[in-house]
Structure formats: structure tokens, C-alpha cells
Amino acid sequence: MQKNKMRIKKGDTVVVIAGKYKGVKGKVLKAFPKTQRVIVEKVNFIKKHTRPSQQNQQGGIIEKEAPIHVSNVKLFNTKINDVTRAVFKKAGDKRIRVCKKTGDEI
């Protein structure tokens, strides 16, 4: 079974389209293609209880972003100021990501 290629990458601006953070715009901090998940800036906060360690002498409760599924976010195109989809087109021997609505390279 072959999984679809993930069309969202690290550094992209996305809008959350489902869930508690619906409508929030943020930058993708990290992408996990195997599990089809992304970590978006200031979205899906969880509280993690940590023990005191060398790096964190105090310990305690830390709030951090958790991964969300890639189907719950949509790519944001700043040129048209709207959400869009990314499609792959061949340019010679390379594949490039292109905006579905306008056709310009992402």
C-alpha cells in the first residue's frame, strides 16, 4: 500500500480547517510524512509534565504544540490571500509544487 505524497512542507503557511483551532493561520514548524502529520505554530497546545533535568532544572508543566493530521490544514497562498491546494507538475526532470488556483510556483 502506497501512501499519498504530503503536499505540505516545513515553512509553509497553513490555515486549520477543522477542530478546536479552526480558522487559525500559522507556519509549519515540522512535518512527519510517514504519519501524515504536521506541527503548526501556536496550534494544538498540550501540557507536558517534565521531571527536573540538566537542561530544565525546575521541571514542571510545559505547554507545547502537538502534531495534527495534514487533512485538517490547507495551504495558504499569500499572493491571492486565500487557501489553496498544492499540485505537483513536471518541469523537465523535476517535480515542482504549484498553486491549484493560480498556477504559480509555491
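Which ones in region 57-78 are surrounded by 11 or more Cβ atoms within 10 Å (Cβ to Cβ), assigned to a loop (DSSP other than H, G, I, E, B) and within 21 Å of the chain's Cα centre (by Cα)?
Ala66, Pro67
Can you tell me how many residues in region 68-106 are in contact with a Leu (Cβ under 7 Å, 6 or more places away or on another chain) and free of Cβ contacts under 8 Å to residues at least 24 places away in the same chain? Walk me through how you get there before you give the answer.
Within region 68-106, the subset in contact with a Leu (Cβ under 7 Å, 6 or more places away or on another chain) is 83-86.
Next cut, free of Cβ contacts under 8 Å to residues at least 24 places away in the same chain only: 84.
Result for region 68-106: 1.
Give the residues of region 5-23 that are among the charged types (D, E, K, R) and either under 18 Å from Arg97 (Cα atoms) or buried (at least 16 other Cβ atoms within 10 Å of the Cβ) (or both), sorted by residue number. Can you show your working first?
Step one: list which residues in region 5-23 are among the charged types (D, E, K, R), which gives 5, 7, 9-10, 12, 20, 22.
Of everything in region 5-23, those that are among the charged types (D, E, K, R) and either under 18 Å from Arg97 (Cα atoms) or buried (at least 16 other Cβ atoms within 10 Å of the Cβ) (or both) turn out to be Lys5, Arg7, Lys9, Lys10, Asp12.
Within region 10-29, is there a residue that is farther than 20 Å from Ile106 by Cα, part of a strand (DSSP E or B) and over 11 Å from the mean Cα position of the chain (by Cα)?
No.
Is at least one residue of region 37-52 under 14 Å from the mean Cα position of the chain (by Cα), closer than 11 Å to Ile8 by Cβ and surrounded by fewer than 12 Cβ atoms within 10 Å (Cβ to Cβ)?
No, because not a single residue in region 37-52 is under 14 Å from the mean Cα position of the chain (by Cα), closer than 11 Å to Ile8 by Cβ and surrounded by fewer than 12 Cβ atoms within 10 Å (Cβ to Cβ).
Consider Gly26 carefully, then state whether it is without any contact (Cβ under 8 Å) to a residue 40 or more places away in the chain, crowded, with 17+ Cβ neighbours inside 10 Å and either in contact with a Cys (Cβ under 9 Å, 6 or more places away or on another chain) or of a type outside the set (Phe, Trp, Tyr) (or both). Reasoning before the result, please.
Details: without any contact (Cβ under 8 Å) to a residue 40 or more places away in the chain: yes; crowded, with 17+ Cβ neighbours inside 10 Å: yes; either in contact with a Cys (Cβ under 9 Å, 6 or more places away or on another chain) or of a type outside the set (Phe, Trp, Tyr) (or both): yes.
Criteria met by Gly26.
Could you grab me the full set of residues in region 35-56 that are in contact (Cβ under 8 Å) with a residue 12 or more places away in the chain and part of a loop (DSSP other than H, G, I, E, B)?
Of the residues in region 35-56, the ones in contact (Cβ under 8 Å) with a residue 12 or more places away in the chain are 35-50.
Matches in region 35-56: Thr35, Gln36, Glu41, Lys42, Val43, Asn44.
Read-outs throughout are calculated quantities, based only on the coordinates presented, and are distinct from any laboratory measurement. Being a predicted model, the structure only gives us computed values, none of them experimental. Heads up, the Cβs are rebuilt from the backbone with ideal geometry, glycines too, and the neighbour counts pull from every protein chain shown.
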